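Here the structure is laid out as structure tokens; the discussion comes afterwards.
The values are calculated or read from the model by the stated rules, or taken from the named source; none is laboratory data. Nothing here was measured: the structure is a model prediction, and the numbers come from that model. As a convention, Cβ positions derive from the backbone with ideal geometry for all residues, glycine included, and neighbour counts pool all protein chains shown. Accessible surface is based on the protein model in full, side chains and every heavy atom, while ligands, DNA and RNA are left aside. Shrake-Rupley method; radii C 1.70, N 1.55, O 1.52, S 1.80 Å.
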Amino acid sequence: MLAMIRKEFRQVVRDKRTLAMLIVMPVVLLLVFGYAASFDVDEIPTVVVGPQAADAAGRLPELFVIESVDATGDREDAEAALVAGDAHVAFVAETPAPTALIDGSELFMAQKAVQVITGMSAQVPGLTQEILFNPELDTSAVLVPGLAGLIIVFVGTLVTSMSVVREREAGTLEQLAVMPFRPRDVFMGKIAPYFLIASIDITVVLIIGTLVFDVPFNGSIFPLALGALMFLFVALGLGVLISSVSENQAQAIQLALMTVLPQVMLSGIIFPLSSMAAGIRWIGYLLPLTYFNQVAKGVMLRGAEITDLIVPIGLLALLGGVIFGLAVFRFARQLRPARVRVPA
């Protein structure tokens, strides 16, 4: 038994990458997630419109961070700002008794805003509030759009990450190298099944979410499909990129989980980005699931159009181009050495 223990210790010590993951990564993840795990809302982006806008803005607590004050605006302008995601609370001050419009798609901000505005009613006579997009503040309505993104992450990244590694372990990568295929043809052929499966999964999740959990679908299917397409390329490219730097399937799974867990915790699906420490929040801004979550909630809950979602869709396209390009490059490099080893 002691001989087996010594043998296993030697094997673990020789695998430097796995050893680093086992020792360093738990500490890093604890620090990152510890700073991210907060439901506290310290500030809410706010717009104020209407003839009494300046007076109303001056009476708001510091919680409401004023993004704009428009004395010529009306309720339609306030709702447009909420739909576009420019603000999450809008005060319509057409009379001395303003109306607060609250974006219900941002659950924790909405709950905090309701609490504070209810307390303000004693100081501001006639103040009323109205929750838009998710009047009941239903948790399912907020989580289901993000869960659709998580499905893509798991299928696109975790499953795809083992594809190239499986070929290498089975010894079939060299066989692919001698076939009359270009590297990008092999690459596209390998990700096509996972692309189809992930597309079916996200469709099923959204249909079940709308039918079973009564999640509204207030927008057009086109911007959501476009955002999902961009996000799929990111997830699939990341999966192949991980598999190209992994020596076996165990390492591929470990690296994939290292990319999946931050996206679950730091994308704003569970914890609001505004509640995270500044350094951790910027990590969230680098994660593709953050932007797909914005697109999905914007379309399904707020009814946002593609013009309202140019920024998250554009960033998804940028991330997709970079990650997908790196994945194709790494995959092509893996096939070229294999060509050299095969005799003419």
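Listing for the model above:
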{"read-out": "Residues within region 281-297 that are over 15 Å from G149 (Cβ atoms) and either of a type in the set (D, E) or outside any helix (DSSP H, G or I) (or both), tallied", "value": "1"}
{"read-out": "Some residue of region 18-32 being outside any strand (DSSP E or B), under 30 Å from V295 (Cα atoms), at pLDDT below 90 and not aliphatic (A, V, I, L, M)", "value": "no"}
{"read-out": "Number of positions in region 300-322 that are within 24 Å of G104 (Cβ to Cβ) and surrounded by 14 or more Cβ atoms within 10 Å (Cβ to Cβ)", "value": "11"}
{"read-out": "Inter-residue pairs, beta-carbon under 6 Å, first under 23 Å from E43 (Cβ atoms) and in region 71-96, second part of a helix (DSSP H, G or I) and basic (K, R), 6+ apart", "value": "V92/R75"}
{"read-out": "Output for region 241-257, where each listed residue is part of a loop (DSSP other than H, G, I, E, B), of a type outside the set (A, V, I, L, M, F, W, C) and surrounded by fewer than 20 Cβ atoms within 10 Å (Cβ to Cβ)", "value": "E247, N248"}
{"read-out": "Close pairs (7 angstrom Cβ cut-off, 6 or more residues apart or separate chains): under 23 Å from V142 (Cα atoms) in region 104-125, aliphatic (A, V, I, L, M) and assigned to a helix (DSSP H, G or I) anywhere", "value": "G104/A110; S105/V142; L107/V142"}
{"read-out": "Test: residue in region 219-232 that is within 28 Å of P45 (Cα to Cα), outside any helix (DSSP H, G or I), among the hydroxyl-bearing types (S, T, Y) and open to solvent by 30 Å² or more (accessible area, probe 1.4 Å)", "value": "yes"}
{"read-out": "Strands (runs of 3 or more DSSP E) (entirely within region 79-181) containing at least 2 residues that are open to solvent by 40 Å² or more (accessible area, probe 1.4 Å) and of a type outside the set (D, E, K, R)", "value": "128-132"}
{"read-out": "Counted residues, region 33-71 - those being modelled with pLDDT under 80 and part of a strand (DSSP E or B)", "value": "0"}
{"read-out": "Some residue of region 325-337 being assigned to a loop (DSSP other than H, G, I, E, B) and surrounded by fewer than 18 Cβ atoms within 10 Å (Cβ to Cβ)", "value": "no"}
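Every residue, every condition in (1) over 14 Å from the mean Cα position of the chain (by Cα); (2) not in a helix (DSSP H, G or I), yes or no:
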| residue | (1), (2) |
| --- | --- |
| T259 | no, no |
| V264 | no, no |
| I269 | no, yes |
| G279 | yes, no |
| V299 | yes, no |
| P312 | no, no |
| L315 | no, no |
